[in-house]
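Some notes on the structure that comes next.
The values are calculated or read from the model by the stated rules, or taken from the named source; none is laboratory data. This one's a predicted model, so the numbers in the text were calculated from it and none came from an experiment. All Cβ positions, glycine included, derive from the backbone under ideal geometry; neighbour counts span all protein chains shown.
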Amino acid sequence: MLEIRNLTKIYDDGTVALKNVSFTVNDGEFLVVIGLSGSGKSTLLRCINRLIDPTEGEIIWNGVDMAQLQGEELRKNRRQIGMIFQHFNLVRRSTVLTNVLAGRLGYTPQRNSLLGRFSENDKQKAWTALRRLGIEDQAHKLARELSGGQQQRVGVARALMQEPLMILADEPVASLDPVLAHSILQYLEALNQEDGMTVLCSLHYLDLVQQYSTRVIGLRDGEIVYHGSRADIRAMTDEEFKDIYGEEAVRVSAGLEGNLNDNAEGAA
Amino acid sequence: MSNNTKKLAHKDDIRQPSLVKPPIAAVLSLILPGLGQALARAMRRGLLLLLTIASIGGLLLWRFKLTAPRDEGWVNIIKKGWHLDPFLIAVTVLFALLYIWIAVDAYAIAKDRTRTPIGVFFVLIAVFFALGWQIGQIDIVTLITQADEAGPPLGRVAWPWEKAIAYEQSILAASADIRVPCTGNELAPNEIAGSEPVLIATPTCGTLSTQDGEAGTILHLEGHNFAPGEDTAIKWKDPIGNIFRQRQEGEYVVVIPDAEGYFETDIIMPYRLLPPSATDPFYVWVIFGEQTADVGAAHLSDDFKLVVEKMIETIFIGMMATFFGVILAVPVSFFAARNLMSASPITLAVYYLVRGVLNIIRSIEPIIWAIIAVIVVGLGPFAGILALVFHSIAALGKLYSEAIESIDPGPIEAIQATGATWLQTVVYAVVPQIVPPFVSFTIYRWDINVRMSTIIGLVGGGGIGFLLVQYIRILDYRSAGMAVWFIAITVAILDYVSAEIRARFV
């Protein structure tokens, strides 16, 4: 279970990215964070695994305050939390297999990993993950040679290697076209429902939110402005959605993008 | 005023009404160029024209003085200058034209404040062009009429390979001793014995030519039993053992024996300076006739071998310079990478310092570094390596640091998120991103260093450049041509190889 208490982040330049944010994520949830770019979604996700150090507040992860951890302890807790990124963040000049194996670094003794040695067990895990995401035949290609959708699958496979209890997904489909967006989110849904991983995901498109989330929080200017259950979000109208997003809100419908105004009754 | 005219007449283009009438502006500009324009409210134009005419005037006087350095008084100097270099007349005329044109310009400016004539600037450019022609001593006539002079050396450089082959040579020679000066107790002349070649000189003593041009003794030479029809060189061996060829009227003396192997010729004893230690009352000089003939199989000449040796040396100079350059540039580049050094004001200061030093080192040509290195470690390849190492550190340091600056922070974040240590993050997220550009830049630098080591050689930094400049100085264009060919071939191969390797890495 993850419990965020009074989380605040102020950057060095004075930007207030998060203001006193508190919420709880129960095990097995698919919690979606919505909000405009700049609303603090990325900062929030990165504070949880401490890629960014929060200014104030507590991040209680299974009884441990992540905000206070340092060094070895931080790394041990970090490896329980997988992360997927908008721009995939693969090492583009390394092979797919190396990228996936890198997900195992938190479990590999430093000396072995520096020489590129991973255990047979880890290699088996990597192949299993690649197979599960359907990119087994791409294993020896360089990451940069893959299409966007394939790269994000490598990103998911890398996160899987950590055998995480929770997955943080920072706009995982924002760089992909709608068909691929569904494909990636279906993988996350499967991990959530079949493997019981908690998913904390930021998304932009209302229909994706409606289809995949079990609970939703909305951020605006670093503050939580919306809290909704699965039922709430299904019933959410475009007007409420626009409240959080402003006029730029966009719906993805049956693989087509369009403005909400043109497409008010779009199928979810 | 309509919209259209407003657009055309931009407010900067229209001056305030002139302070003086056009004729007065013209006269004022004749007295002091630019004054008329200034009073016509075109201040900057006036100032520009004044400064221009002053600098052109100064340059022109300098050229006159240089052309007629011994004359006194400017009038005499200018007259002599026109006489000695008629082109200066043209420059003077253009200068006068410009002077008048400035007055015309002042008139036009004062008369119509909406117009800005540009004619004066064309005259100005013409004057500068003429001055440049005179200062650059451009001489198209010489270029065209003497272009054929380039033929022989160019031909030798273009196809030098005759010089690459040498043959074993047999030497047929006979000598005669000459006593300098005559002492009354003379040597007996040589006599013909059997079929051996013999050189008979009469007399067997004499005096050398002097430095002031007083001719030496005329020797009558007779050769017997030489190879018929073959060129025979006449050479001297002085008392300290130096051999040199006899010249007559600037040409080497060559005689050709007749069918019996006989020749005769008269030579004037040459001028030759002996060392101050030579204080004996007389010395024996040896004169000899020498025929050389090619025998045996062809083999590669010594010059060819030397060129190949120096080419290899050059490639290794480039390699060693790159090697040391890389070793030193890698650590330096981290200090010169802004993204790594922007954390605190202290590291940022280090960044600026390192960047500054690298820029200074890089802006000094390797040839200058080579001259300094030669002073420190003496002539030879090591000096060349040092010079190139300096330049390589600066150039590679900059390129490497830019590669570090351009790495994508995304993968670093992603690897950190897996719970990796700092070292693991560097090895898995940073190194894969910087190794390919590093390799690419390094190979490119090696390519540059080999090319550059040729130039370094010109100032004594070892390698083929050193050899090349020596061949050019002794006018051995064929050997120089071989060196040029080898440089071209090596550079072409290296260029191709480095492009191939880089294409694979990036």
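In the set B:ALA383, B:ALA420, which member is at pLDDT 90 or above and either closer than 30 Å to A:ARG46 by Cα or not hydroxyl-bearing (Ser, Thr, Tyr) (or both)?
B:ALA383
Suppose the filter is under 25 Å from A:LYS19 (Cβ atoms), at pLDDT 85 or above, out of contact with any Cys (no Cβ under 6 Å at 6 or more places or on another chain) and not in a loop (DSSP other than H, G, I, E, B); does A:ILE233 pass it?
Criteria not met by A:ILE233.
For A:GLN151, state whether it is more than 15 Å from B:TYR428 (Cβ to Cβ), more than 11 Å from every other protein chain (Cβ to nearest Cβ) and within 14 Å of the chain's Cα centre (by Cα).
no
Which of the residues spanning segment B:27-57 are basic (Lys, Arg) and in a helix (DSSP H, G or I)?
B:ARG44, B:ARG45
Being free of Cβ contacts under 8 Å to residues at least 40 places away in the same chain and more than 44 Å from the chain's Cα centre (by Cα) is true for just one of B:PRO257, B:PRO281, B:PRO276. Which residue is that?
Selected residue: B:PRO257, the only one of B:PRO257, B:PRO281, B:PRO276 that is free of Cβ contacts under 8 Å to residues at least 40 places away in the same chain and more than 44 Å from the chain's Cα centre (by Cα).
With the condition kept exactly as written, say whether any residue in segment B:388-398 is aromatic (Phe, Trp, Tyr) and either within 28 Å of A:VAL96 (Cβ to Cβ) or touching a Leu at 6+ places or on another chain (Cβ under 6 Å) (or both).
no
Could we say that A:GLN110 is closer than 30 Å to A:GLY222 by Cα and of a type in the set (S, T, N, Q) here?
Working: closer than 30 Å to A:GLY222 by Cα: no; of a type in the set (S, T, N, Q): yes.
Judged against the criteria, A:GLN110 is not a match.
Of the conditions (1) away from chain B (no Cβ under 14 Å); (2) surrounded by 16 or more Cβ atoms within 10 Å (Cβ to Cβ), A:VAL156 satisfies every one except a single condition; which number is it?
Only one criterion in (1) away from chain B (no Cβ under 14 Å); (2) surrounded by 16 or more Cβ atoms within 10 Å (Cβ to Cβ) is unmet by A:VAL156, namely (1).
Taking B:GLN470 and the conditions (1) within 14 Å of another protein chain (Cβ to nearest Cβ); (2) without any contact (Cβ under 8 Å) to a residue 12 or more places away in the chain, which numbered condition does it fall short on, given that it satisfies the others?
Here B:GLN470 clears every test but (1).
Given the criterion at pLDDT 85 or above and surrounded by fewer than 20 Cβ atoms within 10 Å (Cβ to Cβ), identify the matching residue among A:THR214, A:THR198.
Within the list A:THR214, A:THR198, the selection yields A:THR214.
Can you tell me which residue among B:ALA343, B:ALA329 is within 19 Å of B:SER406 (Cβ to Cβ), assigned by TED's automatic domain parsing to the domain that holds B:ILE455 and in a helix (DSSP H, G or I)?
B:ALA329
Quick one: in segment B:405-426, which of the residues that are of a type in the set (A, V, I, L, M, F, W, C) and crowded, with 20+ Cβ neighbours inside 10 Å is farthest from the other protein chains (Cβ to nearest Cβ)?
B:ILE412
Looking at (1) under 34 Å from the mean Cα position of the chain (by Cα); (2) within 30 Å of B:GLY213 (Cα to Cα), can you tell me which one B:ILE312 breaks?
The number of the failed condition is (2).
Can you say whether B:ILE464 is of a type outside the set (Gly, Ala, Ser), within 30 Å of A:LEU114 (Cβ to Cβ) and in contact with a helix residue (DSSP H, G or I) (Cβ under 6 Å, 6 or more places away or on another chain), as far as the supplied structure shows? Working first, answer last.
Details: of a type outside the set (Gly, Ala, Ser): yes; within 30 Å of A:LEU114 (Cβ to Cβ): no; in contact with a helix residue (DSSP H, G or I) (Cβ under 6 Å, 6 or more places away or on another chain): yes.
Considered against the rule, which asks whether it is of a type outside the set (Gly, Ala, Ser), within 30 Å of A:LEU114 (Cβ to Cβ) and in contact with a helix residue (DSSP H, G or I) (Cβ under 6 Å, 6 or more places away or on another chain), B:ILE464 comes out as no.
Please state which one of A:ASN99, A:ASN89, A:ASN77 is of a type outside the set (Val, Ile, Thr), part of a helix (DSSP H, G or I) and more than 24 Å from A:ARG5 (Cα to Cα).
The match here is A:ASN99.
Hey, among the residues in segment A:68-97 that are at the interface with another protein chain (Cβ under 8 Å from one of its Cβ atoms) and among the β-branched types (Val, Ile, Thr), which one's surrounded by the fewest Cβ atoms within 10 Å (Cβ to Cβ)?
In this case the residue turns out to be A:VAL91.
Return the residues of segment B:435-457 that are within 11 Å of chain A (Cβ to nearest Cβ) and either surrounded by 19 or more Cβ atoms within 10 Å (Cβ to Cβ) or not hydrophobic (A, V, I, L, M, F, W, C) (or both); say none if nothing qualifies.
B:PRO436, B:PRO437
Checking the conditions here, which among A:ILE34, A:ILE60, A:ILE81, A:ILE4 is of a type outside the set (D, E, K, R) and at pLDDT 90 or above?
After ruling out the rest, the residue left standing is A:ILE81.
Which condition does B:ALA298 not pass, out of (1) surrounded by 13 or more Cβ atoms within 10 Å (Cβ to Cβ); (2) of a type in the set (A, V, I, L, M, F, W, C); (3) in contact (Cβ under 8 Å) with a residue 40 or more places away in the chain, if it passes all the others?
Of (1) surrounded by 13 or more Cβ atoms within 10 Å (Cβ to Cβ); (2) of a type in the set (A, V, I, L, M, F, W, C); (3) in contact (Cβ under 8 Å) with a residue 40 or more places away in the chain, only one is false for B:ALA298: (1).
Hey, any hits in segment B:144-163 for a residue that's in a strand (DSSP E or B), under 47 Å from the mean Cα position of the chain (by Cα) and at negative phi?
Pass one, segment B:144-163, residues in a strand (DSSP E or B): none.
No, segment B:144-163 contains no residue that is in a strand (DSSP E or B), under 47 Å from the mean Cα position of the chain (by Cα) and at negative phi.
Report whether or not B:GLU402 is of a type in the set (Asp, Glu), within 20 Å of A:LEU114 (Cα to Cα) and assigned to a helix (DSSP H, G or I).
Numbers: of a type in the set (Asp, Glu): yes; within 20 Å of A:LEU114 (Cα to Cα): no; assigned to a helix (DSSP H, G or I): yes.
So B:GLU402 does not fit the description; no.
Tally up the residues in segment A:19-67 that are among the hydroxyl-bearing types (Ser, Thr, Tyr) and part of a strand (DSSP E or B), please. Reasoning before the result, please.
Filtering segment A:19-67 for residues among the hydroxyl-bearing types (Ser, Thr, Tyr) gives A:22, A:24, A:37, A:39, A:42-43, A:55.
If we keep only those that are part of a strand (DSSP E or B) as well, we get A:22, A:24.
Total satisfying the criteria: 2.
Filter segment A:47-63 down to the residues that are among the β-branched types (Val, Ile, Thr) and more than 14 Å from chain B (Cβ to nearest Cβ), then identify the one that is farthest from B:ALA417 (Cα to Cα). Spell out the reasoning first.
As a first pass, look at segment A:47-63 and keep what is among the β-branched types (Val, Ile, Thr): A:48, A:52, A:55, A:59-60.
The next check asks that each one be more than 14 Å from chain B (Cβ to nearest Cβ); those that pass are A:55, A:59-60.
On the way: A:THR55: 19, A:ILE59: 16, A:ILE60: 17 Å.
Filtering first and then ranking leaves A:THR55.
For A:ALA139, only one of the following conditions fails: (1) more than 10 Å from chain B (Cβ to nearest Cβ); (2) more than 25 Å from the chain's Cα centre (by Cα). What is its number?
Condition not satisfied by A:ALA139: (2).
Please list, ordered by residue number, the strands (runs of 3 or more DSSP E) wholly in segment A:160-228 having 2 or more residues that are closer than 19 Å to A:ILE81 by Cα.
Fully inside segment A:160-228 and qualifying: A:166-169, A:198-203.
A quick yes/no check of all residues on (1) crowded, with 17+ Cβ neighbours inside 10 Å; (2) closer than 30 Å to A:ASP207 by Cα; (3) touching a Leu at 6+ places or on another chain (Cβ under 8 Å); (4) in contact (Cβ under 8 Å) with a residue 60 or more places away in the chain:
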residue	(1), (2), (3), (4)
A:GLN110	no, no, yes, no
A:SER113	yes, no, yes, no
A:GLY116	no, no, no, no
A:SER119	no, no, no, no
A:TRP127	no, no, no, no
A:SER147	no, yes, no, no
A:VAL173	yes, yes, yes, no
